[in-house]
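Structure record follows, encoded as structure tokens.
Read-outs: derived from the displayed coordinates by stated rules, not from any lab. Just so it is clear, the structure is predicted and the values come from calculations on it, not from any experiment. No Cβ is skipped: glycine too gets one built from the backbone with ideal geometry, and neighbour counts run over all protein chains shown.
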Amino acid sequence: MVEKIERIARTALWFVLALVFIAIPIGVVKARSGESSAVADVKAELKKAEDRIADLSKPKGLTVFSPKSLGMYLAGLRLSTAEGVMNFTNATDEAGILCLKAVAKNGKSGEISESISACHEVKPYESNASITFLFAGGDLHRICAQVSDCSISVAPTAEKPKQ
């Protein structure tokens, strides 16, 4: 009878020892791996959200910036280099490619000289942006003997940027 009790007690002791040294560490490892997989899942979701935000903040390709959004600008002629220069500030959150041409007009004779088209990538809220227009030198000097003889205006160009 004592031997039976001793045998049952030893079996229970071995069972408790097996539980403490084998089953509990396996459970702890599984719990930790479950926590780390949950952390990995949260990190993956965070990475997806960051990528989505980055994708949404990127422009969807080249868009045409409307000259109507331009507002006020300053423009002038440089006869020495046969150039026209226009400075402006984009006070909107719009962005895109702005393509314009300049027209120099002699106020007395009414003759005009057109520049080649010039394009500029306009960024949202860009300040002090500048576009340089190139004129045919001989043509501009013939029409505008002096800068005071001519005025400059800008107009949208029919050309659209290729995407």
For this session: Mind giving me the FRET efficiency for Lys48 and Ala12? R0 is 45 Å, r the Cβ-Cβ distance, nearest 0.05 is fine.
Result: 0.30
Exercise. Considering only region 53-126, what is the antiparallel percent among its DSSP beta bridges, to the nearest 5?
Worked result: 95
Exercise. Where in region 85-163 are there chymotrypsin sites (Phe, Trp or Tyr not before Pro) that are in a DSSP coil and have at most 16 other Cβ atoms within 10 angstrom of their Cβ?
Worked result: Tyr125
For this session: Would you please give the residues with an amide H less than 5 Å from that of Leu70, counting only those at least 5 places away or on a separate chain, with H modeled from the backbone geometry?
Result: none
For this session: Count the net charge of all other residues whose Cβ sits under 15 Å from the Cβ of Ala75, scoring Lys and Arg as +1 and Asp and Glu as -1.
Result: +1
Problem set entry | FRET efficiency, 1/(1 + (r/R0)^6) with R0 25 Å, evaluated for Thr63 and Ile116 via beta carbons | 0.65
Exercise. With the contact rule set at Cα under 8 Å and sequence spacing of 6 or more, what percent relative contact order holds for the chain?
Worked result: 22
Exercise. Each residue of region 88-102 in order: what ³J(HN,Hα) in whole Hz does its phi give by Karplus 6.51 cos²θ - 1.76 cosθ + 1.60, θ = phi - 60°, with x for Gly and Pro?
Worked result: 7, 10, 8, 9, 10, 8, 6, 9, x, 9, 9, 10, 9, 10, 9
Exercise. Once phi is turned into θ = phi - 60°, what whole-Hz ³J(HN,Hα) does the Karplus curve with 6.51, -1.76 and 1.60 give for every residue of region 141-156, x standing for Gly and Pro?
Worked result: 5, 5, 6, 10, 5, 10, 4, 5, 6, 10, 10, 10, 9, 10, 9, x
For this session: In whole Å, largest first, what are the principal axis extents of the Cα atoms in region 67-156?
Result: 41, 19, 19
Seminar exercise, completed: Taking trypsin sites (Lys or Arg not before Pro) in a DSSP loop with at most 12 other Cβ atoms within 10 angstrom as exposed, one finds the longest site-free stretch of the chain at 1-59
Exercise. Considering the chain, what Rg and Dmax in Å follow from its alpha-carbon atoms?
Worked result: 37.9, 132
Seminar exercise, completed: Summing -39500 (n - 2.57) over every DSSP H run of at least 4 residues in the chain and dividing by its residue count gives a helix-only mean residue ellipticity at 222 nm, to the nearest 500 deg cm²/dmol, of -12000 deg cm²/dmol
